[in-house]
Every structure is written in C-alpha cells, then in structure tokens.
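One structure is given below, encoded as structure tokens.
The values are calculated or read from the model by the stated rules, or taken from the named source; none is laboratory data. Values in this document were obtained by computation on a predicted structure and should not be read as measured data. Note that we place each Cβ from the backbone using ideal geometry, even for glycine, and neighbour counts take in every protein chain shown. All accessible areas refer to the heavy atoms of the entire protein, side chains included, with ligands and DNA or RNA removed. Shrake-Rupley method; radii C 1.70, N 1.55, O 1.52, S 1.80 Å.
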Amino acid sequence: MHQIYCSTGALLGRPNGRDYRLLAEYCPQLNCDGFEFILYDSWYQDLENLTRFLSSLHLNIPVMHCEKTLGEHITKGGDEEWQEAFRLFEINCTLANRLGAKKMVLHLWNGPISDSHFENNLKAYPLLNKTAEAHGIELLVENVICRQDPMSHWVELYRHYPEIRFVFDTKMADFHRQLDLLYQPEYAWLWQEDHIRHYHVNDYGGGYMDWNNLRVLPMGKGHIDFDRFFTHIRETGYKGDFTFEATGFDPEGEIHLEPLNEQFDLARKYIESLQA
C-alpha cells in the first residue's frame, strides 16, 4: 500500500529557528503515515542531542533527506571540498541508520553554484552510492532545480550509471517546465526500469525558472495538474510512496497544520483510486 510521508522541512524553517523540538508537538497531529527527515547544516554540532530526541519520539522515518550543502562541495570540486563532502555524507548515512531510514534523498547539485561544473557531480555519484550501499541505504538523486535542466542531468547520469535511482519532485520539474516529460514515451525508461523509487508531490505557482517564486505549495494551491499526474502513476503501476513538502509555517514561524492535513486527505483520495 502506498504511504504518505510529510517532510520535517514543512514544519521547521528559519522563521522558527529550525527548532527540532517542535516536532514533538506537531508531528502527532499530522494525518500522515510517516516522515521524511531532513538534516540541516546547523545541526551537525548537535547530532547526539538531535538523535536522542528523535529516538524518544518513536517516529516512523523511512526516508531521510541528506543535508543539502553536500552538493555545493561536490560541484566546487578539488580535494578539500570533496573530502568535506564525503565526511558529511558519512555522517548523514550514519544518522539515517540510527533513525531507521532505508532511503536517502540527495541534492547532487545545490546552492548558488548549482550544476555549473556538472562533470564533478557526475564523477561523485558512484562514490556516494558506494558509501550509501555500505550503510544499507538506497541513494536517490533528486531532479533539483538548476542553471541548466535537471532531466538532461538525469539522462547523463543514467548513461553512465544504468542502475541509478531517482526521486521525482513535481514542483522541481514544473519549475523547469519538465513535468510533462514524465509522461512522454522517450522517458518511459524511468518507470519501465524502476528508476523512480520515490516521489515528492508538491504544487507550484510560478513561471518558467521563476527564481523569485520558489515557495513549495500544497496540492491544489498552484497550477500542477494532479489528475493527470496520478493517472500516470496508476498507469505505470508505481508501488512506492510519496513525500509532501509544502511549507506549513508562516513568515513568523508559526506552524499551521490544517493546510497540511487537507493535502494529505486529498492525496489519500488519489491514492485510493490507484488501489481500486
């Protein structure tokens, strides 16, 4: 049965200080099946306390989102940057094990530097994947927004590493006007060969590469056609799960659960149609 996960990033952000202690109050009030835990770079110095706290909550965390600055170190390249990237990745994998996560979402490129030296990102992938496999974790490369376009990077990664696995984000794809590519015959290998192992289901209200409009919206609050999306999911026979990342806090950091739970209820209606 398909599972619905909520990203902890939907609850924690800069306006509320990324205070992970808030999870104790708000996670039990969410009508989801589990969580995708995202690690922030400001938490590296507090990992022991963070891990103990999360363990005390007994949350279901099947997926972890790797801390994002790794991709920046990789793109920059050079021995020092790569050593730091792999040092941090080892920490992320260790934490994923302690949380019980079996999948890791990776921003292979990230930040202002993004994919400006994609040859470095391409070279790093097998080394990162080897580390993840050693920890019993399935590594999933996300179609992260970038200076060029994420689908061309996926194709290049696939050509070099035919066993690669991905997480497809609807909002990231629509930012580049690439959501429709998911439905095209020339990209059928993505689902025919089981390369997409997880989905991030988020709405988007901005234009093509609209860098000033990056807000992650709940389903139904943007312009993505989710009827078509879930029809495609049903037709391809996808058996996996979905994470929802819509921002659930306002500019003052106050968390609003109702819009999040509303999107979970809507998602369940779609998922029921998949299982009918």
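Report the relative contact order of the range 160-208, percent, no decimals, based on alpha-carbon pairs under 8 angstrom and at least 6 residues apart.
57 percent
Based on the alpha-carbon gyration tensor of the range 53-190 and its eigenvalue square roots a ≥ b ≥ c, which shape applies: rounded if a/c is under 1.5, prolate if not and a/b is larger than b/c, or oblate?
oblate
Spin-label point model (7 Å from Cα, Cβ direction): what's the residue 212 to residue 134 distance in nm?
Result: 4.7 nm between the two label points.
Where a ≥ b ≥ c are the square roots of the eigenvalues of the C-alpha gyration tensor, would you call the range 208-276 rounded, which needs a/c under 1.5, or, failing that, prolate if a/b is larger than b/c, or oblate?
Note, shape of the range 208-276 comes out oblate.
Between the range 201-276 and the range 1-47, how far is it from one alpha carbon centroid to the other, in angstrom?
What the calculation gives is 17 Å, centre to centre.
What does the charge count near residue 262 come to, summing +1 for each Lys or Arg and -1 for each Asp or Glu among other residues with Cβ under 14 Å from its Cβ?
0
What nm value, rounded to one decimal, do you get for the distance between residue 236 and residue 252 when each label is placed 7 Å out toward the C-beta?
Simple spin-label model gives 4.2 nm for this pair.
Quick one: compute the contact order of the chain, relative version, from alpha carbon pairs under 8 angstrom and 6+ residues apart, as a percent.
That works out to 21 percent.
Counting Lys and Arg as +1 and Asp and Glu as -1, each charge on the Cβ, what is the dipole of the chain about the Cα centre in debye, to the nearest 20?
360 debye
Subtract the Cα-Cα distance of residue 156 and residue 193 from 0.36 nm times their separation in residues, and report this length gain in nm to one decimal.
Once the chain is fully extended between residue 156 and residue 193, it gains 11.7 nm.
Taking Rg and Dmax of the Cα atoms in Å as the quantity of interest, determine which of (i) 17.2, 48; (ii) 17.7, 53; (iii) 22.1, 85 was computed from the displayed structure.
(ii)
Which value, in Å², gives the accessible area per residue of the chain when a 1.4 Å probe is used on the protein heavy atoms? Let's see the in-between values first.
Values: 12230 Å² over 276 residues.
I get 44 Å² per residue for the chain.
Positive end of the dipole of the chain, charges at C-beta (+1 Lys, Arg; -1 Asp, Glu), about the Cα centre: which of 51, 141, 204 has its Cα farthest in that direction?
Among 51, 141, 204, the one farthest towards the positive end of the dipole of the chain is 51.
For the chain, what proportion of DSSP beta bridges, expressed in % and rounded to the nearest 5, is antiparallel?
The answer is about 10 percent antiparallel.
Tabulate in residue order the Karplus-calculated ³J(HN,Hα) for the range 75-91, using 6.51 cos²θ - 1.76 cosθ + 1.60 with θ = phi - 60°, rounded to whole Hz; enter x for Gly and Pro.
Rounded to whole hertz, the list is 5, 4, x, x, 4, 5, 5, 5, 4, 5, 4, 6, 4, 5, 5, 4, 4.
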